[in-house]
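These notes concern the structure reproduced below.
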Amino acid sequence: MQYKNLGRTGLKVSRLCLGSMQMGWSAMEAEAHQILDAAFDAGINFIDTADIYTRWVEGNPGGVAEQIIGKWLKSGHTPRSQVILATKVYGRMGDGPNDEGLSRLHILQAVEDSLRRLQTDYIDLYQVHRSDENTPLEETLSALDQLMRQGKVRYIGCSNYLPGKLVEALWVSDRRALARFDSLQPHYNLVHRAEFESELRAVCKEFGIGVIPYSPLASGFLTGKYRRGNIEVDSQRKERASKYFSEQNWALLDLLDSIAAVHAPASVSQIALAWMLHDEVITSPIIGPRTLDQLRDNLSSLDITLEAEEVERLNQASASQ
């Protein structure tokens, strides 16, 4: 397994991060535990979750993915000290007016709930899931700073931040001598590039912020399971993937096929992940395997080194995305 420091910190995380949005949704507890076991045995030490996972599933109150991971941590398969555990705060977890957002009140309650579900006394990376325009950054960062001083949180990060908001947050941390964000979790992949590459990439590089992209396989589109004339795939993520159904992206899949053939027995998804890992700014893409076979496929992307010419062809084929 390959490892890389998270931004400017000394925290070493695996080059692939195991996501958990599928846990309690398309991968039930027993299967999720098998995937967690296999991922750790393969060298993955970085696990990402969120308190709201998977609240959008009917009958799911949220917190289910955290509970599944917490039971796994207590199973004894993996020493807690060897796991870099990341979770997030923002989403609505109750019916009250203070049961969502990034106010001090919500953060201090949410972290206790996450610690209880995860069955641990500290969180390695605590991330704000999105920005909160109704709460001053000083209030949010002060609450997170307090959690770090208490030892409940080791590092803090953000997700879905716009460039201006990220720079403002860094400025507030510096001016107020508060803990600063050491990671960003952006939406980024071969068919969704502009959001990160236009400005966020430069900000992360300039300020030494670790980058852990979510949806690196575009909700399954970059696995190659959807093709021209074959989009009727039974998948819980099809609605999300369908926005990528375009002639440009069908042609991109053809190119991924041809590059995979050069690196045989590589798969389309492995080439898509290898493209992302080629970028020095990227720390650890978040994968979300629902089965052991998908996990093994994702892991093999670490064994692929793309030629500069192959990267350029992929860049050109996916330009303007």
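Read-outs: derived from the displayed coordinates by stated rules, not from any lab. All figures in this text were calculated on a predicted structure; none of them were measured in a lab. Note that we place each Cβ from the backbone using ideal geometry, even for glycine, and neighbour counts take in every protein chain shown.
Quick notes on this structure:
- Pairs where the first residue, in the stretch 180-205, is under 20 Å from residue 11 (Cα atoms) and the second is in a loop (DSSP other than H, G, I, E, B) and of a type in the set (Lys, Arg), C-beta under 9 Å, 6+ apart: 182/8
- Residue 279 under 30 Å from residue 208 (Cβ atoms) and either in contact with a helix residue (DSSP H, G or I) (Cβ under 6 Å, 6 or more places away or on another chain) or not polar (S, T, N, Q) (or both): yes
- Remark: pairs (first residue in the stretch 24-39, closer than 13 Å to residue 66 by Cα and in contact (Cβ under 8 Å) with a residue 60 or more places away in the chain; second residue part of a loop (DSSP other than H, G, I, E, B) and of a type in the set (A, V, I, L, M, F, W, C); Cβ separation under 9 Å; 6+ apart in sequence or on different chains) = 25/56; 25/57.
- Per-region count, the stretch 101-112, residues crowded, with 20+ Cβ neighbours inside 10 Å and either of a type in the set (D, E, K, R) or outside any helix (DSSP H, G or I) (or both): 2
- The single residue among 52, 69 that is crowded, with 23+ Cβ neighbours inside 10 Å, more than 23 Å from residue 161 (Cβ to Cβ) and either hydrophobic (A, V, I, L, M, F, W, C) or out of contact with any helix residue (DSSP H, G or I) (no Cβ under 6 Å at 6 or more places or on another chain) (or both) turns out to be 69.
- Selected residue [in contact with an Asp or Glu (Cβ under 6 Å, 6 or more places away or on another chain) and surrounded by 16 or more Cβ atoms within 10 Å (Cβ to Cβ)] from 286, 271, 282, 304: 286
- The single condition from (1) in a helix (DSSP H, G or I); (2) of a type in the set (A, V, I, L, M); (3) under 22 Å from residue 63 (Cβ atoms) that residue 170 fails is (3).
- Residues being in contact (Cβ under 8 Å) with a residue 24 or more places away in the chain, closer than 25 Å to residue 12 by Cβ and not hydrophobic (A, V, I, L, M, F, W, C) - total across the stretch 66-106: 10
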